[in-house]
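The structure under discussion appears below in the form of structure tokens.
Every read-out reported here was derived from the displayed coordinates using simple, explicitly stated rules and does not represent laboratory data. Computed from a prediction, not measured in an experiment: that's the story for all the values here. With ideal geometry, Cβ positions are generated from the backbone for all residues, glycine too; neighbour counts draw on all protein chains shown.
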């Protein structure tokens, strides 16, 4: 009974109900999209996009527009900018990302610090404020998640071929460039709707850590996505309760939980874990000794 | 979305290259290549490292843009033909850490037949089973591609190429870095495909194999050096033109020292 009380108590508050739903939706969405991010080493792009939304939010506020829309436009501009800068071949992609990402972050901070009367705390943008999710935010988040997950399902084979084997994609006459851009835009939208939950600074962790954990346990993309979604949801759940009872930042608690799950799997995974690796080496040594 | 009848009702493909130039960065990797490859032949593409063999193949499938010139498949410009081209990449070009099983990879070869959304049909399942059987990898169907040996990895991609039921089959260095049984399986398979009137093109460093087991040889070194039957192509003057210092004449036998296939410049080209 005590446990049930402990679990139910936070949900007496409407803001906690909204927070829980938002965190679960975002956790699952990021975990599934993150599989592409991890497999194609796009973690840096994800981080860059997250930081790029800062000036977008600031400009939208200055112009009196919709903050989410401003963030979204900024993320799309930065992702296309990365492609443009690195496509010429004079600058490597990671360098291009590094330049744009810090430029966007500093521009964002300059703009926000120039707004004296800024109503929203900078720390909420940087580290998220899932407890402040409004019903309207929640509807936008859920709608975005449904559209994105449907697109992932619809384009599943095409993305698979483009990411695994671009040459096959070309011989099958897929529009590789278009599909890549669609994936980047989907990623941008995912990041924007996730910022409310974990903030600019920690979105990349939600995109990377649960998929990386799932990767250690599976050898097929569908099961990687399913496991990743499970770890993402679990992190959100545990993180949110931890933040409620220990009174710590919810975004950080969610990311910290995801990291703990990763570490446990990294050490004890039956196929690729550290323990099994040590054990195999020990068995090998014994066999050579005999 | 393409029906099978759509793919097989056409006559086998004829490939025509007209003054094709492909740039690598700012320098031409292939210059002014003009030739006709009739349908159904079995062709070896040879040349020293960096001669543009991989570039040639990648240009043929439309992966690299042409700086000038045109490529026609079956009389239609690249990208407009309906013929199915299968490309077996070099092993270094594949992301072996991708979480995917052997059967998944082979099934990819059927996507054009199945469509992008439909469930694989019985025909698709049978084609995949048959291809895996032919290459002796049926027992590995559920294994991750990461856990395979080099020879097995190559067989997976050969099986996928067969499952595609292609009209043109391109193999980039299939004899490099694999065991002898895999080399033999590959060669046997090429002969089978050849019998089915598929145009087969293979890039290789193995000049012996090129001269003994292929109908025609294309020798390139950034530009066309020679194209014809092995006897016509492997003359001392032409081999010297392609391989330069790396060729030696010893008691009337040609020896070519060219054994480092992994240094080809084409490898890094931004397709990850």
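Quote the FRET efficiency, to the nearest 0.05, computed for residue A:289 versus residue A:63 with a Förster distance R0 of 51 Å and r equal to the Cβ-Cβ distance. Here the calculated transfer efficiency is 0.10. Plainly put, the protein assembly as shown has a radius of gyration that is 1.04 times its Kirkwood radius, both from alpha-carbon atoms, as the Rg/Rh ratio. With a 10 Å cut-off around each Cβ of B:116-129, the average count of Cβ atoms from other chains is 1. Inter-chain neighbour count for A:173-179: the average number of beta-carbon atoms from partner chains within 10 Å of each residue's beta-carbon is 2. Compute the label zone of residue B:116 within segment A:141-166: residues whose backbone N is under 20 Å from the point 7 Å along Cα-to-Cβ. Within reach of a label on residue B:116, which here means backbone N under 20 Å from a point 7 Å along Cα→Cβ, segment A:141-166 contributes A:146-166.
Taking every alpha-carbon pair under 8 Å whose residues sit at least 6 apart, chain B reaches a relative contact order of 25 percent. To the nearest 10 degrees, how steeply does helix B:150-163 sit against the main Cα axis of chain B, on a 0 to 90 scale? The helix B:150-163 is inclined about 70 degrees to chain B. Need one word for chain A: rounded, prolate or oblate. Basis is the Cα gyration tensor (sqrt eigenvalues a ≥ b ≥ c); a/c below 1.5 gives rounded, then a/b vs b/c decides. Oblate, since a/c reaches 1.5 and b/c is not below a/b.
Expressed as a whole number of Å, what is the distance separating the alpha-carbon centroids of segment B:110-162 and segment B:60-99? After rounding, the separation between the Cα centres reads 20 Å.
For chain B, the longest principal axis of the Cα atoms and the long axis of helix B:180-195 meet at an angle of about 80 degrees. Is segment B:108-202 best put as rounded, prolate or oblate by its Cα gyration tensor, with a ≥ b ≥ c the root eigenvalues, rounded for a/c under 1.5, and otherwise prolate when a/b is larger than b/c, oblate when not? Taking the square roots of the gyration eigenvalues as a ≥ b ≥ c, segment B:108-202 is oblate. Computed on the Cα atoms alone, the convex hull of chain B gives a volume of 130 cubic angstrom per residue. Please work out the Cα center distance from segment A:1-42 to segment A:135-198, rounded to the nearest Å. Rounded to whole Å, the Cα centres lie 21 Å apart. With contributions of -39500 (n - 2.57) from each DSSP H run of at least four residues, the per-residue ellipticity at 222 nm computed over chain A stands at -27000 deg cm²/dmol.
Need one word for segment A:165-290: rounded, prolate or oblate. Basis is the Cα gyration tensor (sqrt eigenvalues a ≥ b ≥ c); a/c below 1.5 gives rounded, then a/b vs b/c decides.
Values: a/c = 3.25, a/b = 1.13, b/c = 2.87.
Verdict is oblate for segment A:165-290.
How well do other chains shield peptide B:94-101, expressed as the mean number of their Cβ atoms within 10 Å of each residue Cβ?
Average neighbour count from other chains, rounded to a whole number: 6.
Once you reduce segment B:193-253 and segment A:255-285 to the center of their Cα atoms, the two points are 51 Å from each other.
Do you know the relative contact order of chain A, to the nearest whole percent, from alpha carbon pairs under 8 angstrom that are 6+ apart?
28 percent.
Of all DSSP beta bridges confined to chain B, the antiparallel ones make up roughly 60%.
Put a dot 7 Å past the Cα of residue A:245, heading toward its Cβ, do the same for residue A:143, and the two dots end up 3.7 nm apart. Where both bridge residues fall in the protein assembly as shown, DSSP classifies roughly 60% of the beta bridges as antiparallel.
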